[in-house]
Structures are given as C-alpha cells and as structure tokens.
Amino acid sequence: MTDDLEPARRWLDEARAVVVLTGAGISTDSGIPDFRGPQGLWTKNPKAELMSQLSYYVSDPEVRRLSWQNRVRSPAWTAEPNAGHRALVELQRRGTLHTLLTQNIDELHQRAGIDPARVVELHGTMRRYACLDCGAGGPMKEALERVRAGDEDPACVHCSGILKSATISFGQSLVPEVIDRALEVAEEADLLLAVGTTLAVYPVANMVPRARHAGARIVIVNAEPTAYDDIADAVLRGSISEIFPQIVRA
Ligand code: ZN
C-alpha cells in the first residue's frame, strides 16, 4: 500500500475527469455497518440476507414488519459523513469530480456537500419510500411516522399496495437508465476511483473493466481484496477515512 500511495496521489492530482464508485465500506466509519465485512450485517446474521430478498418481503408480512422496525432503528438516521466522504468533496472543489456512482443508500455523499446532480444512486435511497404496485412514493420519514404511530406495515394510500424503501432489494432489478448512465460515465473517466466496494456485484462491477478499456487509470481503495485488484494501477488497502485524506490533499 505504501508503494501505491504516492502514484495514486499524483494521478489524482493530474486527473481531469475522476469517476468515483463507492460502496458500503466508505460509510462504515460513520457507524453504518456493511453487509459482508467482518462486522457485516449478513456475516453476523445470515438470516438477514434471506430477509433482504424481495420475494420474502412481498410474501411474508412478518418480514415486512421486521423490515419497518429495522428502518425505524437504522443507525443511518443519525450518521454523519466522515473524512472519506469529505475528501471526495475536495475533488469536487477542484473541479475534477466528473460523477460519483454509489451503491450506498444513505445519502452521506450529498450530506457531505457533493452536488446531488453529480451523484448516481445505483441502489436507490433509503430516504424515500415507494409502492411496489403503483410506484407512488414520498419521503421515508412520512412512512416511518406511520410506523411509529402503530401501523406495523403501512400500505400505499393510493392503491393499498406494499410499500418499501426506494432501494434495490435482492431479486429486484436495477433501474436500466441508471445503469446505462453509470456505464456511460465510466467510459468518460480518465481516472476511476473505486472505494469501499469488493466489486463482486454485477453489473456495477463492470464499471471497472469498462473504464479501463476506455483508457482510464484505476485506483482501488478498500479494506479487503477486490475482484479487480489485478487490473488496477494502484491498490490501497486499509481504513478509507485514513487513506483518503492522504491521497486527496486539500
Ligand atoms: Zn400504490
């Protein structure tokens, strides 16, 4: 990692169109657990992974009641952006941040100060809800108020359909326009910075070979090995909130 630190810093200084791809690892230092890491939600409770499948959510009211309770209690509501999120704001200040693609649903990038127009939320946002039947939606806090008031599984006020956070669950397709935009910007990057993701989930992981093929440098920052370490120009392994401020100098 020490060998790759200096070149990564230099390439980031020189880059003119940085596309950043972030995953759960950038938010763990803000107190939001990831899924598959050592302290991950699914590592500690494999049943939770099962519960995150859309088919269970739709077919089992008990899964929905538990999901609503988890949403009410989510640590993400009080989480603050960390040094990793803030370092990306520095790229935006320099004018070199092309687009920020995120697998995260916590909106901590926007709260840190990234222009929402530059953020592509590949997996949606937990700060809104949507009806699985008619598509109507609204701010999540409105749905959570209904849960707190005693409605354990609030239904759509328009069609009585099932409500869920406006995020992509397992078994649910990504939004094609969102993926198309992400693949497009990956090809416009002169540097792709992948942060806090093991790059194991497709089609999101495809951004890396796409960018590489289009001539971009690839810099990967993650606590654990990723699927594309072998095609990266630099791989920095460790705490993101410690590494980032070192490679993105204010
Ligand atoms: Zn509806």
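Suppose the filter is within 16 Å of the ligand (Cβ to nearest atom), more than 16 Å from residue 103 (Cβ to Cβ) and of a type in the set (Asp, Glu); does residue 180 pass it?
No; evaluated as a whole, the condition is false for this residue.
Of all strands (runs of 3 or more DSSP E) completely enclosed by segment 82-172, which ones contain at least 2 residues that are more than 26 Å from residue 245 (Cβ to Cβ) and at pLDDT 95 or above?
Ranges flagged: 124-131, 137-139, 163-167.
Checking residue 182 against (1) touching a Ser or Thr at 6+ places or on another chain (Cβ under 7 Å); (2) assigned to a helix (DSSP H, G or I), only one condition comes out false. Which one?
(1)
Can you tell me which of (1) over 19 Å from residue 71 (Cβ atoms); (2) more than 16 Å from the ligand (Cβ to nearest atom); (3) over 19 Å from the mean Cα position of the chain (by Cα) is the one residue 158 doesn't meet?
Here residue 158 meets the rest and fails (2).
The values are calculated or read from the model by the stated rules, or taken from the named source; none is laboratory data. What you see is a predicted model, and the numbers here were worked out from it, not measured in a lab. All Cβ positions, glycine included, derive from the backbone under ideal geometry; neighbour counts span all protein chains shown.
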